[in-house]
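Asks: Structure incoming, see below.
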Amino acid sequence: ALRHIECARRLSPNDPQGFSLLCCEGIAHFTVGNYVKALGLAEAARQVKSDYIIAHCLAMTSAANVGDLVAAEVALKRALRIMPELSLTFVSRVQVFYFYGGPITETWLSGMRKAGLRDLGLAEFSSVVPEEIFANDRLRG
């Protein structure tokens, strides 16, 4: 994955979606347990695009997984300012498509739990998330 990201950067060094590549690289590092590097890349992406929710989520879970709960809580507060409906339920049903279940998904969610991200029941989740999110049947539960 990292070679492909580097190739993308070389092909388009001024890409306006560069923040997304930073997060992709961070997620690649996260998947191999390099949470410090993942956190640095998440923060770099956040500096480029401060309202990019994935950057905040990556920062939150990476910081928590290295034991920096202060940084994890700061990332959580920033994420909730951008997306007040963010919850473990939302993340587990929408965001963790990156990992398709398994231990990496649990590590991602565990970091978010440590940061203090709340969980919602499915009924409450359904009431705060727009219906178009449910276009994918996998999200219906």
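Asks: When the Karplus curve 6.51 cos²θ - 1.76 cosθ + 1.60 is applied with θ = phi - 60°, which whole-Hz ³J(HN,Hα) does each residue of the range 104-111 get, with x for Gly and Pro?
Replies: 5, 4, 5, 5, 4, 5, 4, x
Asks: Leaving out ligands, DNA and RNA, and with a 1.4 Å probe, what % of the accessible surface on the range 1-89 is carbon or sulfur? Show your work: numbers first, answer last.
Replies: Working: 2550 of 4490 Å².
On the range 1-89, the fraction of accessible area on carbon and sulfur atoms equals 57 percent.
Asks: Here's a follow-up. Return one whole number: the accessible area per residue of the range 1-124 in Å², for a 1.4 Å probe.
Replies: That works out to 51 Å² per residue.
The values are calculated or read from the model by the stated rules, or taken from the named source; none is laboratory data. In this text, all values refer to a predicted model and were calculated from it rather than measured experimentally. Ligands, DNA and RNA are excluded from the accessible area calculation, which covers all protein heavy atoms including side chains. Shrake-Rupley method; radii C 1.70, N 1.55, O 1.52, S 1.80 Å.
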